[in-house]
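In what follows, a structure is listed as structure tokens, so that the remarks can point back to it.
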Amino acid sequence: MEVGRVAESIAGRDKGRLFVIISIIDGQYVTIADGDLRILDRPKKKKLRHLRLRPEILQPIAEKLGGGLKVFDAEIRSALRALRENADA
């Protein structure tokens with residue numbers, strides 16, 4: 001579990017959607033965003049047991065978040081769209 005890792009929701013009304021971990025609250029909770037329904041200004045607090053962590057890490061986004069730089073919702077949307085397209089191919 002780390003900032004910038006891609007996670008898939010396995011519970012709740014957002015089940016099946018891909019998100020990026022924005023911050024780690026504690027051992028049970030993280031905040032996630034997808035740049036679409038959950039934007040960076042209003043990330044969702046979610047339990048880790050309701051997420052399936054994927055092996056992909058969005059490195060440019062992780063570096064920006066770690067460095068305190070501004071990340072745009074469009075960056076997250078396009079990175080997650082690229083992941084979905086690669087998985088479908």
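The values are calculated or read from the model by the stated rules, or taken from the named source; none is laboratory data. What you are looking at is a predicted structure, and each value in this text was computed from that prediction instead of being measured. Don't worry about glycine lacking a Cβ; one is built from the backbone with ideal geometry, like all the others, and counts go over all protein chains shown. Just so you know, the surface numbers come from the protein's heavy atoms only, side chains and all, with ligands and any DNA or RNA stripped out. Shrake-Rupley method; radii C 1.70, N 1.55, O 1.52, S 1.80 Å.
Within the range 13-36, being hydroxyl-bearing (Ser, Thr, Tyr) and open to solvent by less than 50 Å² (accessible area, probe 1.4 Å) holds for 23, 31. Restricting 39, 10 to those that are open to solvent by less than 80 Å² (accessible area, probe 1.4 Å), under 12 Å from the mean Cα position of the chain (by Cα) and not acidic (Asp, Glu) reduces the list to 39. Restricting the range 20-35 to residues that are within 14 Å of residue 59 (Cα to Cα) and in contact (Cβ under 8 Å) with a residue 40 or more places away in the chain leaves a set whose member that is nearest to the chain's Cα centre (by Cα) is 20. Restricted to strands (runs of 3 or more DSSP E) entirely inside the range 1-58, those with at least 3 residues that are of a type outside the set (D, E, K, R) and under 19 Å from residue 81 (Cβ atoms) are 5-9, 18-24.
Report every pair of residues separated by at least 6 positions or lying on different chains whose Cβ atoms are under 7 Å apart, first residue within the range 62-77 and within 17 Å of residue 19 (Cα to Cα) and part of a loop (DSSP other than H, G, I, E, B), second of a type in the set (D, E, K, R) and open to solvent by less than 70 Å² (accessible area, probe 1.4 Å). Qualifying pairs under 7 Å: 71/64.
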